[in-house]
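Asks: Can you keep this structure in mind? I'll have questions shortly.
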Amino acid sequence: MPWKESRALDERKRFLEEWNKGEEDVAELCRRFEITRQTGYKWWKRYAQEGEKGLEEHSRTPHHCPHALSEEVVEAILRLRREHPRWGPRKLRAHGQARQPQRSWPATSSSGALLSPEGLSHPRRPRRRTPAYSEPLGHAQAPNQVWCADYKGWFYCGDGERCDPLTISDAFSRYLLRCRAVPKTDGVEAKAVFEAVFREYGARSDPHR
């Protein structure tokens, strides 16, 4: 079995004392001390290079973290958050990528981890979950009698551009007739989408076809 940590240093010293005597074969010596030949050579090399100090356990903490954020990126994220207190990590990252694509921006989780120690993170209120409603609306007695339309809340895309999705659905069947991102939430853009849906489904057609 491997050496216990409480006596590991003493065992290594004894092992090297026996090694230096040269009275035993390396493989036999390692078997007697219940270690592999690879381990035996490792401690011999450390002792040769560093003396008894080399027999102590080295820290396994990496000397360099390849994913560590640069001070410039950290400061840019914090400055952007102070300018826009209501922006979350996802929006901060999207905005930074759109404005400075040459810079390596961290993942959303890493950006969020930076905000909390600086007091710039605000926990979200838990959402009240409501069961999905799949029954037809009371005033819709058949398919294609009543349509429902709404802008489902805007959001930023990966390139930093704003997206406003317009959705149109049949009130009776809950069938989604159209989901289209529009450049502007005005009547001109909405009218073009509705005209296309009217041409495709018409006033009397069945949305299930």
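The values are calculated or read from the model by the stated rules, or taken from the named source; none is laboratory data. Quantities reported herein were computed from a predicted structural model and do not represent experimental measurements. Neighbour counts are summed over all protein chains in view; Cβ atoms, including those assigned to glycine, are modelled from backbone coordinates with ideal geometry.
Asks: Determine, yes or no, whether Arg7 is surrounded by 12 or more Cβ atoms within 10 Å (Cβ to Cβ) and assigned to a helix (DSSP H, G or I). Walk me through how you get there before you give the answer.
Replies: Numbers: surrounded by 12 or more Cβ atoms within 10 Å (Cβ to Cβ): no; assigned to a helix (DSSP H, G or I): yes.
When the stated conditions are applied, Arg7 does not pass them.
Asks: Since Thr39 meets every condition but one in (1) more than 43 Å from the chain's Cα centre (by Cα); (2) at pLDDT 85 or above, which condition does it not meet?
Replies: Result: Thr39 passes all but (1).
Asks: Can you tell me which residues in the stretch 73-118 are in a loop (DSSP other than H, G, I, E, B) and crowded, with 18+ Cβ neighbours inside 10 Å?
Replies: Once the filter is applied, which keeps residues that are in a loop (DSSP other than H, G, I, E, B) and crowded, with 18+ Cβ neighbours inside 10 Å, the stretch 73-118 yields Trp105, Pro106.
Asks: Mind listing just one residue for me: the one in the stretch 146-168 that is modelled with pLDDT of 85 or more and either of a type in the set (Ser, Thr, Tyr) or outside any strand (DSSP E or B) (or both) and, of those, farthest from the chain's Cα centre (by Cα)?
Replies: The residue in question is Val146.
Asks: Could you count how many residues in the stretch 21-37 are touching a helix residue (DSSP H, G or I) at 6+ places or on another chain (Cβ under 7 Å) and loosely packed, with under 12 Cβ neighbours inside 10 Å? Full working, then the answer.
Replies: First, pick out the residues of the stretch 21-37 that are touching a helix residue (DSSP H, G or I) at 6+ places or on another chain (Cβ under 7 Å): 24, 26-27, 29-30, 33, 36-37.
Now narrow it down to the ones that are loosely packed, with under 12 Cβ neighbours inside 10 Å: 27.
Residues flagged as touching a helix residue (DSSP H, G or I) at 6+ places or on another chain (Cβ under 7 Å) and loosely packed, with under 12 Cβ neighbours inside 10 Å within the stretch 21-37 amount to 1.
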